[in-house]
Amino acid sequence: ITISGGTIIATGGEQAAGIGGGCFATSCGTITIQNTVTRVTATKGDSAPNSIGAGDYGSCGTVKIGGVTGAISTSPYTYEPIPQGALSGKFTINGSGDKVRFSQGNLQATYDGSSWSWAFATNQWDYIGRAEGNTKVSGSTPFVSGYSGTSTTVDLFGWSTSATTYGIHNSESNSTYSGDFVDWGNTIGSGWRTLSSAEWTYLFNTRTSGSTVNGTSNARYTHATINTDGTGVNGIILFPDGVTIANGEATSWGTVNGDSGDSFWNNATKCTAAQWTALAAKGCVFLPAAGYRSGSSVFQAGSDGSYWSSTPYSTDKAYFVNSGSNYLYPDAKNNRYTGRPVRLVRVAN
């Protein structure tokens, strides 16, 4: 039995596995479920030993699920692989209960001398800020100046239209960015997209996460400085649905679901590199304060985070998430020409 794609729901009869052998000592061959499936759910029948594998008194060949070998007795058992480039945490984004996973890092574009390539930052806290790339954005093809290898990597984009190579352009005229929205997710493909303003607002303000953080129920976010035992990075931690995080899992906790109370990140949540690694393993997302670009100049890198939505406000402006140490406005709006970071999501079943 080989399952390489799709959504599968399999329920065994009495003494039978959901996927695999039936009752009365029957046998089956190798069972392989590849990590290219969308979702597989298997439920064993009464008196069956496995949800995936041999039935009662039966046998089967090797069971391999997502590269891991071994029969599965848990019932029901669901296998939903994490897509490449996605994080494990799931976040509800509307009242209908739709969920998404975030990309592993902010979107980046790099020019190699002949073409652009698109990728996610290696780490959630990575951003370019005032370094070359963001400060080399120009007004002519290939929309960079002084090309010198990977120094031309850009991660601050004007609000995206097809006319401006997804916002890689130093024009400070909103008319350059007029037209219908072209999602940055198109550059990566495979179902990636940008959250709408309503989805960002629900995520921060309305979501019933079911998570408890430092004793706060329905925890959604906190202003934070992570990797404090190295080069600390300021930003926002988003808590996924359905986790419990204790007091001792951070060095100190700032306000959960609210402002940290000062303009210098002093009262924000503090995490060492090891503490952040553990929080990330629980599905937490970090949005670094990557600053913003006007023309070819970058401002407030390290203190301000302003992530684009997919929603236009007018022919000149679009909605974005605007955050600093003591404020967060998930439905702010400003000029389309302003270069801001982009964090993509994809559907989570």
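Structure above, values below:
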| item | result |
| --- | --- |
| Complete set of residues in segment 19-47 that are assigned to a loop (DSSP other than H, G, I, E, B), open to solvent by 20 Å² or more (accessible area, probe 1.4 Å) and not hydrophobic (A, V, I, L, M, F, W, C) | Gly22, Thr26, Gly29, Thr30, Gln34, Asn35, Thr36, Thr38, Lys44, Asp46, Ser47 |
| Selection count where residues are part of a strand (DSSP E or B) and either within 22 Å of Val154 (Cα to Cα) or of a type outside the set (D, E, K, R) (or both), scope segment 297-332 | 24 |
| Segment 69-104, subset aliphatic (A, V, I, L, M), closer than 19 Å to Thr38 by Cα and within 20 Å of the chain's Cα centre (by Cα), residue modelled with the lowest pLDDT | Ile82 |
| Matching residues in segment 154-180 - criterion: being under 19 Å from Ala332 (Cα atoms) and part of a helix (DSSP H, G or I) | Asn174, Tyr177 |
| Criterion (open to solvent by less than 20 Å² (accessible area, probe 1.4 Å), out of contact with any helix residue (DSSP H, G or I) (no Cβ under 8 Å at 6 or more places or on another chain) and modelled with pLDDT of 95 or more) met by exactly one of Thr244, Thr216, Thr269 | Thr269 |
| Residue in segment 87-105 that is surrounded by fewer than 16 Cβ atoms within 10 Å (Cβ to Cβ), in contact (Cβ under 8 Å) with a residue 40 or more places away in the chain and not polar (S, T, N, Q) present | yes |
| Candidates Thr152, Thr231, Thr164 - the one that is farther than 22 Å from Phe286 by Cα, free of Cβ contacts under 8 Å to residues at least 40 places away in the same chain and among the β-branched types (Val, Ile, Thr) | Thr164 |
| When residues of segment 170-212 are limited to those that are among the aliphatic types (A, V, I, L, M) and either surrounded by 20 or more Cβ atoms within 10 Å (Cβ to Cβ) or under 18 Å from the mean Cα position of the chain (by Cα) (or both), the one modelled with the lowest pLDDT | Ile188 |
| Test: Phe320 is more than 22 Å from the chain's Cα centre (by Cα) and among the hydrophobic types (A, V, I, L, M, F, W, C) | no |
| Options Gly283, Gly302, Gly295; residue that is out of contact with any helix residue (DSSP H, G or I) (no Cβ under 8 Å at 6 or more places or on another chain) and closer than 14 Å to Tyr221 by Cα | Gly283 |
| Residue tally, condition modelled with pLDDT of 90 or more, aliphatic (A, V, I, L, M) and either in contact with a helix residue (DSSP H, G or I) (Cβ under 6 Å, 6 or more places away or on another chain) or in a helix (DSSP H, G or I) (or both), over segment 105-153 | 1 |
| Checklist (1) open to solvent by less than 30 Å² (accessible area, probe 1.4 Å); (2) touching a Lys or Arg at 6+ places or on another chain (Cβ under 8 Å) applied to Ile65, failing item | (2) |
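The values are calculated or read from the model by the stated rules, or taken from the named source; none is laboratory data. Not measured: the values here are computed from a predicted model. All Cβ positions, glycine included, derive from the backbone under ideal geometry; neighbour counts span all protein chains shown. What goes into the accessible areas is simple: the full protein's heavy atoms, side chains included, and nothing from ligands, DNA or RNA. Shrake-Rupley method; radii C 1.70, N 1.55, O 1.52, S 1.80 Å.
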